[in-house]
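Each value in this text was obtained by applying a stated rule to the coordinates, not by laboratory testing. Here the structure is a predicted model, which means the values were calculated and not measured. Glycine also receives a Cβ, built like all others from the backbone with ideal geometry; neighbour counts cover every protein chain displayed.
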Amino acid sequence: LLNDRLSMALAQTKRSGGKLAVGFMDLDEFKPVNDSYGHEAGDLLLIKVAERIVSILRATDTLARLGGDEFILLFPNISGESECRHLLSRIMDSIAQPFKISGHHIQISTSIGVTLYPDDNVDADSLLRHADQAMYVAKEAGRNRFHFFDLVEDHHAHARSEIRARVRIALERKEFLLYYQPKVNLRTGQVVGLEALIRWLHPERGLLPPIEFLPLIENSEFEIRLSEWVVAKALEQLAAWHKQGLNLTVSVNIPALHLQSEDFVAFIAASLAMNPKAPSDHLELEILETVALWDINSVTQTMEACRELGLHFSIDDFGTGYASLAYLRRLPADTIKIDQVFVRDMLNDLDDLSIVEGVINLADAFQKEVIAEGVETVAHGTMLLHMGCDLAQGYGIARPMAAKDLPDWIKDFRADPAWTHAGNFRLSRQDTVLVFAEAEHRRWVADLVAYIDEKSQVDPTRDAKECRFSKWLNGSGQSAYGHLAEFSAIDSIHEAMHALGKELAYLCALQQHSEAHNRLPELFALTDKLIESLHRLIEIICADEQER
Ligand code: C2E
Ligand code: MG
Ligand code: MG
């Protein structure tokens, strides 16, 4: 009967030029009613819901039950969305009133998806499907509401599902490849490993990074298929390098879904068996700290079983998830990777620097290795070394590259001399305040540059007491290191900096920003000098501690 009514309503709407609304309605939380009051009560509730709706409908409207707690609504001859909203609100209100069934008061709500013909100019089946899709949106938005099918939204969804379909074909067409990014010991200059990073060589769009396609397949069966391909490919490469005498460790990123799949350990064992030339203890799996949040027991078991096969684990993007310390203690991982978002800004963002320092100490406390991601400059590496983090990965060392380019890169790689030098001076915990002093100073300079270049209205030189570096210099710095000659050197350079800062800010006050800008090299030269002196102080303190 519904099909009949729907096709009649469509024909009539075409003739009359009005609009037809097709609604897909699904009760929220109907199953618990059945479960707690019995199926008879559930049936009665459905009948009463239908009665209430029918009492609101106009003579020409239709209510049909599809099955379960799903209903279809047809409103022919309506003027548009606002009339439809009005009708739907009345239906929702009437259902929201408690029902009295077999002595129980039952409260229930409903979610409705709607589409309007001929705005949505498709056939009867598609109209029902669109209303159904809109109903899902209403459910996802929190239930107890209606949602209109959105053509634009649907186009986006369509485009997404097209790429999704395209990604699947890419695997068959062998369009994926792995790039490798070196991980190095900054202090010794040794290459300690390579991270395999997937790329899609798209025939039209060129080389695509994972952000362009991995999110589209997240939590799908295909994500596992692709991850299997990554492991297989990386193992092949590992075997090839070892044959060439390159004794490297390769790490691959494993999505949570794959790690948690039932046959993960069997898959790893089979992959190793297929590549007997790839030493299993040179394969590392990178997992996100959040994987453990779902089921720490089974994740730990899987990891233990892989470790028995020789594999190692690292926890990727550490600091961005919500892993508790208890999880961290239990997870059998060897390495923690500090997420690059913290590393990137650590040079002058004290909060990020605190997180970096915290993770380094945490790794130390749990006796794990720690590696910093996103090391983009020499200064990053130096600061990390002073804090005791020797391992790093980042554009400042090497970008991810094709496998064939690696042997030459490794042959040519030399750690920056500044790193080799700084590696000798690791601060004890109470002295990392010196690294923070450096970051505070860099912050002040960055703020001043922003002010001179009119990117900020705040003049950081206005209040000398605001300068945290000054505070450190006159307070805790003075009391801890004031007896050292190098400390007085810092003091005088710092004074010169403030004098220069004042001068430049004064130029800005006279609206002579470009004059001020032209004198920035003076500021940078003093900055370099100040940081150099700070580093010298670090070295003396470290040497002093070693002697003691
Ligand atoms: P990730 O595992 O944290 O990998 C590090 C990402 O940071 C890589 O991006 C790398 O190119 C980038 N990176 C490295 N050094 C720097 C730096 O100094 N500065 C900046 N701005 N970025 C740097 P990529 O290759 O785009 O990969 C992004 C993410 O995609 C990876 O993050 C990983 O979560 C995921 N991914 C990559 N390959 C695979 C894979 O084969 N399988 C799975 N499941 N995920 C992968
Ligand atoms: Mg990774
Ligand atoms: Mg990472």
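How many nm is it between the label spots at Ala240 and Leu520, if each spot is 7 Å from the Cα in line with the beta carbon?
4.5 nm
Hey, can you grab everything whose amide H is under 5 Å from the amide H of Ser251? Only 5+ residues off in sequence or another chain; H modelled, so Pro and N-termini drop out.
Amide H neighbours of Ser251, under 5 Å, 5+ apart: Leu194, Glu195, Ala196, Glu284.
When only C-alpha pairs under 8 Å and at least 6 residues apart count, what is the relative contact order of the range 351-500, in percent? Write down the numbers at each step before the final one.
On the way: 105 pairs, mean separation 24.8, N = 150.
Relative contact order of the range 351-500: 17 percent.
Could you tell me the relative contact order of the chain? Use alpha-carbon pairs under 8 Å, at least six residues apart, and round to a whole percent.
9 percent
Given bins 5 angstrom wide, list per bin the percent of all Cα-Cα distances in the range 385-471, short to long.
3, 11, 14, 14, 13, 12, 13, 11, 5, 3, 1, 0
Could you quote the convex hull projected area for the range 94-176, Cα atoms only and averaged over all directions, in nm²? List each step's numbers first, then the result.
On the way: hull surface 36.4 nm².
Answer in nm², one decimal: 9.1.
For the range 171-224, would you read off the P(r) tail past 15 Å as a percentage of all alpha carbon pairs?
Summing the P(r) tail past 15 Å for the range 171-224 gives 60 percent.
Where both residues lie in the chain, what percent of DSSP beta bridges are antiparallel, nearest 5? Working shown, then result.
Details: 40 of 63 bridges.
About 65 percent, rounded to the nearest 5.
For His147, enumerate residues with amide H under 5 Å from its amide H, sequence gap 5+ or separate chain, H modeled in the peptide plane.
Ile112, Gly113, Val114
Over the range 189-248, consider all pairs of different Cα atoms and compute the Kirkwood hydrodynamic radius from their mean reciprocal separation; express it in Å, one decimal. Numbers along the way, then the final one.
Values: mean 1/r = 0.0739 Å⁻¹.
13.5 Å is the Kirkwood radius here.
Roughly speaking, what is the centre-to-centre gap between the range 235-251 and the range 30-46 when only Cα atoms are used, to the nearest Å?
For the range 235-251 versus the range 30-46, the Cα centre distance is 62 Å.
Return the ratio Rg/(2.2 N^0.38 Å) for the range 15-151, where Rg is computed over Cα atoms only.
In units of the 2.2 N^0.38 Å rule of thumb, it is 1.05.
Bin by bin, in steps of 20 Å, what percent of the Cα pairs in the chain do you find, going until the bin that has the longest distance?
For the chain, the binned pair fractions read 17, 32, 30, 18, 2 percent.
Check which residues have an amide H placed less than 5 Å from Ile336's amide H, if you skip close sequence neighbours.
Ile315, Glu369, Val370, Ile371
Run the helix sum for the chain: -39,500 (n - 2.57) per DSSP H stretch of 4+ residues, divided by residue count, reported at 222 nm to the nearest 500 deg cm²/dmol.
Working: 24 runs with 297 residues, N = 548.
The helix contribution divided over the chain gives -17000 deg cm²/dmol.
Between Lys139 and Arg225, what FRET efficiency follows from the Cβ-Cβ distance if R0 is 30 Å, with the result rounded to 0.05?
Calculated transfer efficiency: 0.55.
Past the 16 angstrom mark, what percentage of all C-alpha to C-alpha distances in the range 137-202 do you count?
The proportion of pairs with Cα distances above 16 Å equals 70 percent.
Excluding the sites themselves, what is the longest stretch of the chain that contains no GluC sites (Glu not before Pro) in a DSSP loop with at most 14 other C-beta atoms within 10 Å?
Counting at most 14 other Cβ atoms within 10 Å as exposed, the longest clean stretch of the chain is 263-453.
For Lys404, which lysines qualify as cross-link partners when the Cα separation must be under 19 Å and same-chain residues fewer than eight apart are set aside?
Within the straight-line limit of under 19 Å, Lys404 reaches these lysines: Lys174, Lys183, Lys233, Lys243, Lys277.
Under 30 Å Cα to Cα from Lys100, which lysines show up? Leave out anything in the same chain fewer than 8 places away.
Lys31, Lys48, Lys139
Percent relative contact order of the range 230-377, based on C-alpha pairs within less than 8 angstrom and at least six residues apart?
Details: 219 pairs, mean separation 27.8, N = 148.
Answer for the range 230-377 is 19 percent.
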